[in-house]
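S.K.: Structure in C-alpha cells, see below.
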Amino acid sequence: MAVRWVWPKIILWLVLAVPLALIGLDIAAELEQPGSALGTDPEDALTDALGEWALRILLATLAVSTVARLASKRQWVRYRRMIGLWAFTYASLHFTVYFGLLAGFDIATIVADFSKRPYITVGIAAFLLLVPLAVTSTRGWQRRLRLRWRQLHRLIYVIAVLAVIHLSWLAKGGILEPVVYASILALLLGERILDTLRRRRKAVPAARAATGVNRGEGEKVGR
C-alpha cells in the first residue's frame, strides 16, 4: 500500500468509529444513571441509533463512487471497501441488539415479528443480503468470482432501498428523515443511471469506428 494512502485511511477509520464511540459513552452513562442518555426505552433508542448509522454509512459507501466520478478522482474509490465494512459493522450491531435486547434471543419472537411487523422482515432481508457482500469484499474473492463479483455487489442497491424502507416504517419523528434518506438514495442511483447511459452513448461511436476499420482492412486484404 502506498504510504500516501495510509494516513487518509487511518483518519477515515477513526471518523467512522466516532458514532460507535459516542454510543458507547451513552451506554456507560445509562448504566451509571438509567434514563440519562437513552431515554425511557434504552433498548429501542440503542437499536434505532445503530440502525440509522448503518444506513448513513451505507449511503456514504454509495456516494464514494459518485463523488469520485464528479471530481474526476478515481483513486478515491479505494476507500469504498472500508466504508462498506463499517456499514456492515453498524448493521451487525443493530441486528445483534434487536435479537438480544428486544427479541430476548427468542427465535419464536423473531418469527412472530416476521408476520406482524413487515419492517422487521425488510430489515433482516437487507442485513442477510449485506453479509455475502462483506464476506466477499476482499481482493481474493474479487479474483475468484471475477465478473460474478461485480454482479453480486450490485446487491448494494437493493440493500439500500430495503434499508430506507425499513427506516421509513420505523420513523417516529415524522417523515422528514426518511424523505431525506430516500432523496439522497434517489440522487445516487440517478447519477449511476445517467453515467451508464453516457458510457453507452460513447461506446456506440467507438464500436462503429472499430467496425469501419475492420471492414477497411478486410477490403484491402480482399484486393
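The values are calculated or read from the model by the stated rules, or taken from the named source; none is laboratory data. Nothing here was measured: the structure is a model prediction, and the numbers come from that model. We place every Cβ from the backbone using ideal geometry, glycine too, and count neighbours over all the protein chains shown.
S.K.: Would you confirm whether or not the range 31-47 contains a residue that is of a type in the set (Asp, Glu) and either at pLDDT 95 or above or farther than 26 Å from Ile124 by Cα (or both)? Don't jump to the end; show me each part of the working.
M.R.: Kept after step one, since they are of a type in the set (Asp, Glu), are these residues of the range 31-47: 32, 41, 43-44.
Cutting the leftovers down to either at pLDDT 95 or above or farther than 26 Å from Ile124 by Cα (or both) gives us 32.
Taking every residue of the range 31-47 in turn, at least one turns out to be of a type in the set (Asp, Glu) and either at pLDDT 95 or above or farther than 26 Å from Ile124 by Cα (or both).
S.K.: From Arg154, Arg148, Arg78, Arg74, which residue is among the charged types (D, E, K, R), more than 25 Å from Trp13 (Cα to Cα) and surrounded by fewer than 16 Cβ atoms within 10 Å (Cβ to Cβ)? Even if it seems obvious, please write down each step before you answer.
M.R.: Working: Arg154 fails: more than 25 Å from Trp13 (Cα to Cα); Arg78 fails: more than 25 Å from Trp13 (Cα to Cα); Arg74 fails: more than 25 Å from Trp13 (Cα to Cα).
Every option except Arg148 fails the conditions.
S.K.: Suppose the filter is surrounded by 16 or more Cβ atoms within 10 Å (Cβ to Cβ), without any contact (Cβ under 8 Å) to a residue 40 or more places away in the chain, of a type in the set (A, V, I, L, M, F, W, C) and at negative phi; does Phe127 pass it? Before you say what the answer is, go through the steps one by one.
M.R.: Values: surrounded by 16 or more Cβ atoms within 10 Å (Cβ to Cβ): yes; without any contact (Cβ under 8 Å) to a residue 40 or more places away in the chain: yes; of a type in the set (A, V, I, L, M, F, W, C): yes; at negative phi: yes.
Judged against the criteria, Phe127 is a match.
S.K.: Does Ala203 qualify as being modelled with pLDDT of 90 or more and closer than 30 Å to Arg78 by Cβ?
M.R.: Details: modelled with pLDDT of 90 or more: no; closer than 30 Å to Arg78 by Cβ: yes.
Against the criterion (modelled with pLDDT of 90 or more and closer than 30 Å to Arg78 by Cβ), Ala203 does not qualify.
S.K.: Quick one: would you say Gly84 is of a type outside the set (A, V, I, L, M, F, W, C) and crowded, with 16+ Cβ neighbours inside 10 Å? Talk me through it step by step, then tell me what you get.
M.R.: Values: of a type outside the set (A, V, I, L, M, F, W, C): yes; crowded, with 16+ Cβ neighbours inside 10 Å: yes.
Considered against the rule, which asks whether it is of a type outside the set (A, V, I, L, M, F, W, C) and crowded, with 16+ Cβ neighbours inside 10 Å, Gly84 comes out as yes.
S.K.: I've got another one for you. Here are some conditions: (1) touching a Gly at 6+ places or on another chain (Cβ under 9 Å); (2) farther than 22 Å from Trp86 by Cα. Ser137 meets all but one. Which one does it not meet?
M.R.: Status for Ser137: all satisfied but (2).
S.K.: So which residues in the range 48-66 are of a type outside the set (A, V, I, L, M, F, W, C) and within 13 Å of Glu177 (Cβ to Cβ)? Don't jump to the end; show me each part of the working.
M.R.: Kept after step one, since they are of a type outside the set (A, V, I, L, M, F, W, C), are these residues of the range 48-66: 48, 51-52, 56, 61, 65-66.
Answer for the range 48-66, where residues must be of a type outside the set (A, V, I, L, M, F, W, C) and within 13 Å of Glu177 (Cβ to Cβ): Asp48, Gly51, Glu52, Arg56.
Condition check ((1) within 22 Å of Leu128 (Cα to Cα); (2) crowded, with 16+ Cβ neighbours inside 10 Å; (3) among the small types (Gly, Ala, Ser); (4) under 21 Å from the mean Cα position of the chain (by Cα)) across all residues:
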site: Gly24; (1), (2), (3), (4): no, no, yes, no
site: Ile27; (1), (2), (3), (4): no, no, no, no
site: Glu30; (1), (2), (3), (4): no, yes, no, no
site: Gly35; (1), (2), (3), (4): no, no, yes, no
site: Leu38; (1), (2), (3), (4): no, yes, no, no
site: Pro42; (1), (2), (3), (4): no, yes, no, no
site: Leu46; (1), (2), (3), (4): yes, yes, no, yes
site: Leu59; (1), (2), (3), (4): yes, yes, no, yes
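S.K.: Quick one: which residue in Leu58, Leu31, Leu12 is assigned to a helix (DSSP H, G or I), farther than 18 Å from Ile156 by Cα and either among the hydroxyl-bearing types (Ser, Thr, Tyr) or in contact (Cβ under 8 Å) with a residue 60 or more places away in the chain (or both)?
M.R.: Working: Leu58 fails: farther than 18 Å from Ile156 by Cα; Leu31 fails: either among the hydroxyl-bearing types (Ser, Thr, Tyr) or in contact (Cβ under 8 Å) with a residue 60 or more places away in the chain (or both).
One residue alone meets the criteria, Leu12.
S.K.: Additional query: Pairs under 6 Å by beta carbon, first residue over 20 Å from Ile165 (Cα atoms) in the range 102-117, partner assigned to a helix (DSSP H, G or I) and among the aliphatic types (A, V, I, L, M), six or more apart or different chains?
M.R.: Matching pairs, first to second residue: Ala103/Ile110.
S.K.: With respect to Arg143, determine if the residue is modelled with pLDDT of 85 or more, surrounded by 10 or more Cβ atoms within 10 Å (Cβ to Cβ) and either within 27 Å of Val77 (Cα to Cα) or not small (Gly, Ala, Ser) (or both).
M.R.: Considered against the rule, which asks whether it is modelled with pLDDT of 85 or more, surrounded by 10 or more Cβ atoms within 10 Å (Cβ to Cβ) and either within 27 Å of Val77 (Cα to Cα) or not small (Gly, Ala, Ser) (or both), Arg143 comes out as no.
S.K.: When the range 95-113 is examined, which residues are found to be surrounded by 13 or more Cβ atoms within 10 Å (Cβ to Cβ) and farther than 25 Å from Ile27 by Cβ?
M.R.: Once the filter is applied, which keeps residues that are surrounded by 13 or more Cβ atoms within 10 Å (Cβ to Cβ) and farther than 25 Å from Ile27 by Cβ, the range 95-113 yields only Ala112.
S.K.: Got a sec? Which of Ala209, Ala182, Ala186 is among the hydrophobic types (A, V, I, L, M, F, W, C) and at pLDDT below 85? Before you say what the answer is, go through the steps one by one.
M.R.: Details: Ala182 fails: at pLDDT below 85; Ala186 fails: at pLDDT below 85.
Answer to the selection: Ala209.
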